[in-house]
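The values are calculated or read from the model by the stated rules, or taken from the named source; none is laboratory data. Treat the numbers as computed from the prediction; the structure is a model and nothing was measured. Here the Cβ positions follow ideal geometry from the backbone for every residue, glycine too, while neighbour counts run over all protein chains shown. For the accessible areas, the whole protein counts, side chains as well, though only heavy atoms, and no ligand, DNA or RNA atoms are used. Shrake-Rupley method; radii C 1.70, N 1.55, O 1.52, S 1.80 Å.
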Amino acid sequence: MSDLPSSARQHFVGIDNVQAGRTAASLLGRFCRWRSGRIALVAGSMLVRDHVERTLGFEQVMREEFPDQSLSTVIEGLDDQDIVAERLTEALAADPDIVGIYSFGAGNRGVARAISTLPAKRRPSVVVHELTKCSRDALIEDVFDAVIHQDEVREIEVALRTLRALADRVQTIDAGERALFRKEVEAETSHFPGRTYPTGSVTGMPSAV
């Protein structure tokens, strides 16, 4: 999830978390374009590098491209769905001008629970991380608007190729990074047996740095 650039590591394989935050802001800013208000940020902990980097990328784009939207105080849910649900519910009740939510930690079940208590007209636009059964269901039910997802199989493939290249002392190949937004909802075979889901997601591909 997080690079350790000050370590003795030779390569990092994973998504660019600053870019992931920028992608989330680009989407959420457009989703909220005609509704001026505040964007709530839901983190696991601001003591972990990937959450700090996602916040940085998100704030950069929001301030540059969507000045009509302001950012509220970061809600730290400690990656616990019950804490996330409680704290986000309190924030939504206290601030009716929250028009968007970016959740970049675990605890998405808590985000879905908090939003589901609101009337449809008051529901904010939501971008979260990781395509799970919960986030898939929330996409179907229009509780979430987009999901930024890491392709873990791709990451493993890149990691193995990188290890082989290091062992053979040959030049490694940067896997690059790709973001895909499926604007049209499509039918997709589920990873969970017996069900199919439409998806509207952003898929972040890993990069070797």
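Values for this structure:
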quantity	calculated
Residue match in segment 40-51 (condition: within 30 Å of GLN171 (Cα to Cα), in a helix (DSSP H, G or I) and in contact with a helix residue (DSSP H, G or I) (Cβ under 7 Å, 6 or more places away or on another chain))	yes
Members of segment 101-147 found to be on the phi > 0 side of the Ramachandran plot and more than 11 Å from the chain's Cα centre (by Cα), listed by number	GLY107, ASP142
Any hit, segment 3-22, residues being open to solvent by 70 Å² or more (accessible area, probe 1.4 Å), within 14 Å of the chain's Cα centre (by Cα) and in contact (Cβ under 8 Å) with a residue 60 or more places away in the chain	yes
Filter pass, GLY105 being farther than 15 Å from ASP145 by Cβ, open to solvent by less than 40 Å² (accessible area, probe 1.4 Å) and in a loop (DSSP other than H, G, I, E, B)	yes
Test: residue in segment 75-93 that is on the phi > 0 side of the Ramachandran plot and either buried (at least 16 other Cβ atoms within 10 Å of the Cβ) or not in a loop (DSSP other than H, G, I, E, B) (or both)	yes
Within segment 1-33, considering residues that are of a type in the set (A, V, I, L, M, F, W, C) and outside any loop (DSSP other than H, G, I, E, B), the one farthest from PHE144 (Cα to Cα)	VAL13
Among the residues listed as ARG22, ARG30, the single one being more than 14 Å from VAL126 (Cα to Cα) and out of contact with any strand residue (DSSP E or B) (no Cβ under 7 Å at 6 or more places or on another chain)	ARG22
Criterion violated by SER70 - all others in (1) surrounded by 14 or more Cβ atoms within 10 Å (Cβ to Cβ); (2) part of a strand (DSSP E or B) satisfied	(1)
Which numbered condition VAL52 misses (of (1) within 15 Å of the chain's Cα centre (by Cα); (2) open to solvent by less than 20 Å² (accessible area, probe 1.4 Å))	(2)
Strands (runs of 3 or more DSSP E) within segment 118-185 that include 3 or more residues modelled with pLDDT of 90 or more and in contact with a Phe, Trp or Tyr (Cβ under 9 Å, 6 or more places away or on another chain)	125-129
